[in-house]
Every structure is written in C-alpha cells, then in structure tokens.
Amino acid sequence: QVYVGESGGGTVQAGGSLRLSCVASGRTRSIYAMGWFRQAPGGAREFVAAIKWGDGNPLHNDSVRGRFTISRDNAKNTVYLQMNSLKPEDTAVYFCATSLGLRLVELTTERDYDYWGQGTQVTVSV
C-alpha cells in the first residue's frame, strides 16, 4: 500500500502563488505516476496535472496549463504543484494521488489512480 499526504494549501490573493507538496510513503517503489486533482464545493473531481515517476514526463489540464507546473523529486518520494497567477476559480480542495500503472493509463481520470490523500484546501480571494 502507498500512503499519500498533501500539504501547502492556504489562502492567497488572486494573482498570487502557492506551492503544494505531496509525499508518498509505504511501497513507494511501486509508484508509476502521481497526479493532482481538485474539487470545488458541489463540483466533480477535476484532473489538474500528473507526472510519470520514471521519466518525469508531465501532463497538465488545459485549465491550468501555463500557470501550474507539476514536478517531482523521486529521492524524496515527493511531487509538487507550483501554482502561479492564481484565480478565484482555482479555489478547491486539491488531492494528490498515486498510480501503480497496473494497466495502460492516461492519468487524466480518477480511475487511473490507486491511492489518494485527504486533500488540502486552496482558497483564492479577490
């Protein structure tokens, strides 16, 4: 089993920046990729970004591309989400997830991931 924990959420003004961190523990050698999703109140869980653990190839949702950047540090079993030029519509609970790559996955949907963190709140004020 892989355990996932997010941190770095908070409140920031529109146009500001925030950096989220996600640390994986447990059977981390099994990690194929890690990703970020977000969920606004009453909304669906939306794909934000993902990164393959092996080659570091990143993938970003169109809604955040150019503003958010996902990165990883394999030695620390950590994935980061650098969020710049934040907008009020970015307000959501941000979840980190781990994919074991047990099947061919595109990493853009919830079903591609096996373990999830509890989420960290990001609030962007005007």
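Could you list, in sequence order, all residues of the range 108-126 that are open to solvent by 40 Å² or more (accessible area, probe 1.4 Å), hydrophobic (A, V, I, L, M, F, W, C) and not in a loop (DSSP other than H, G, I, E, B)?
Trp116
Only one of these conditions is not met by Leu59: (1) touching a helix residue (DSSP H, G or I) at 6+ places or on another chain (Cβ under 7 Å); (2) among the hydrophobic types (A, V, I, L, M, F, W, C); (3) at pLDDT 95 or above. Which number is it?
(1)
Only one of Ser85, Ser125 is in contact with a Lys or Arg (Cβ under 6 Å, 6 or more places away or on another chain), modelled with pLDDT of 95 or more and polar (S, T, N, Q); which?
Values: Ser125 fails: in contact with a Lys or Arg (Cβ under 6 Å, 6 or more places away or on another chain).
Among Ser85, Ser125, only Ser85 is in contact with a Lys or Arg (Cβ under 6 Å, 6 or more places away or on another chain), modelled with pLDDT of 95 or more and polar (S, T, N, Q).
With the condition kept exactly as written, say whether any residue in the range 11-21 is open to solvent by less than 30 Å² (accessible area, probe 1.4 Å), of a type in the set (Val, Ile, Thr) and farther than 14 Å from Tyr94 by Cβ.
Scanning the range 11-21 turns up no residue that is open to solvent by less than 30 Å² (accessible area, probe 1.4 Å), of a type in the set (Val, Ile, Thr) and farther than 14 Å from Tyr94 by Cβ.
Being out of contact with any strand residue (DSSP E or B) (no Cβ under 6 Å at 6 or more places or on another chain) and of a type in the set (Asp, Glu) is the filter; apply it to the range 24-76 and report the residue that is nearest to Gly117 (Cα to Cα).
The extreme case among them is Asp73.
The values are calculated or read from the model by the stated rules, or taken from the named source; none is laboratory data. Every value quoted in this text rests on a predicted model; they were computed, and no experiment measured them. FYI the Cβ positions are ideal-geometry reconstructions off the backbone, even for glycines, and counts take in every protein chain you see. Surface areas here come from the heavy atoms of the whole protein model, side chains and all, with no ligands, DNA or RNA. Shrake-Rupley method; radii C 1.70, N 1.55, O 1.52, S 1.80 Å.
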